[in-house]
Each structure stands twice: as structure tokens, then as C-alpha cells.
Amino acid sequence: MALKDQIFELLTPAFEQSGYFLEEIQVATPGKSRIITVIVDSDKTLNLDQVTVLSRQVGELLDNATFMGNTTYTLEVTSPGVDRPLTKPRHWYKNVGRLVKIVMSDGTTFSGRIKSSNEISAVIEHKGEDTVLFNEIKRAQIEVEFKNNAR
């Protein structure tokens, strides 16, 4: 089993018990050490204190895992960036109210605001309201909006 799969298997129960979602594990080996990146998410926005606590917990679990061997590693625990594609229903639910750019399977592209979502679709405000089925989406990503505070 690959190292990242072993790490995923080790961490998943602890994350689920704490109410977090283990999104992804990345392992890079530049030289003689490893860089392990753990991407974690939640139903709500993660703050720095939560990420710090999770980082300590992950570090303890990895330090005690025999499969890690004696190779030194650098641990990075982070939340997904705004550029992360929306791939799961909970990603949509978490981003209700935000602007999203959607590329459909047929190549059609449009942007709109997420009004609501469920397990199979989202309602997008785009020239009215459209229901978009997740299985018909090729790619969807949140668009960053900046407020104009000039007076």
C-alpha cells in the first residue's frame, strides 16, 4: 500500500470523530526527507486555532506510526484553497451564497450564485434560477469576489 494511502487510513477515523473531513494527502520526497501535506475540511470555515490543533494531532499519529520508518518529514496541515473544484455535495452546501463558475459536460460554461443544494443537484441563480445536476458537471469552481469599498 502506498504511503499516502496508509496515512489516509490512519488519519480518517480521527478526523471523522472530530467532525472534520480528510480531503487529500500529498507526499513529496525532495531528497532524503518527506513533505506531507494534509488537506482537511469542515462544514464550516476552519480557523487557524482548529488547524493548529489538527496539526498537533496528525503529528502525534504520524510520529507513532511504524510505517513512517525513520525518514524525517515536514508536516503541513491546511484547508482547501478557494481554487479547489467543487466535487462533493457538501462542497456545494458549504458555498451557498457564493459565485460559482460551472463547465457542463457538453462544454457549456456559465457563472451564477449558488442558491441551495442537495445530494444530487444545486440551484444556481443565473438569468433566473436553474437546477444543475452534479453528474452533468465537468468542473465547478468558486469565483473570488472583491468588494469595492471606495467612497
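Some observations on this one:
- Based on the Stokes-Einstein relation at 20 °C and a viscosity of 1.002 mPa s, and on the Kirkwood radius from alpha carbon pairs, segment 72-151 is assigned a translational diffusion coefficient of 156 µm²/s.
- Residue-averaged 222 nm ellipticity for the chain, from DSSP H runs of 4+ at -39500 (n - 2.57), nearest 500: -8000 deg cm²/dmol
- The slack in the chain from SER55 to ALA28, taken as 0.36 nm per residue of separation less the alpha-carbon distance, amounts to 7.9 nm.
- Paramagnetic label zone (point 7 Å from Cα along Cα-to-C-beta, ASN118; backbone N under 15 Å) in segment 78-93: 89-90, 93
- For the chain, the share of DSSP beta bridges that are antiparallel, to the nearest 5, is 80%.
- Summary of packing: across the peptides 40-46, 90-96, 126-132, 68-74, the per-residue average of other C-beta atoms within 10 Å ranks them, highest first, as 90-96, 40-46, 126-132, 68-74.
- Evaluated on segment 1-90, the Kirkwood hydrodynamic radius is 13.7 Å, with distances taken between all distinct Cα atoms.
- Span per principal axis, largest first, for the Cα atoms of the chain (Å): 58, 43, 32
- Whole-Hz Karplus values for segment 104-121 come out as 7, 4, 7, x, 4, 10, 7, 10, x, 9, 6, 8, 6, 7, 9, 6, 10, 7 Hz, taken residue by residue from phi with 6.51 cos²θ - 1.76 cosθ + 1.60 and θ = phi - 60°; glycine and proline positions read x.
- Charge dipole magnitude, Cβ of K and R +1, D and E -1 - segment 23-151, Cα centre, debye nearest 20: 320
- Working from label points 7 Å from Cα in the Cα-to-Cβ sense, the THR72 to GLU136 distance is 5.5 nm.
- Straight-line cross-link reach from LYS127 at under 18 Å between alpha-carbon atoms covers these lysines, not counting any fewer than eight positions away in the same chain: LYS101, LYS115.
Coordinate-derived values only; no laboratory data. In this text, all values refer to a predicted model and were calculated from it rather than measured experimentally. We place every Cβ from the backbone using ideal geometry, glycine too, and count neighbours over all the protein chains shown.
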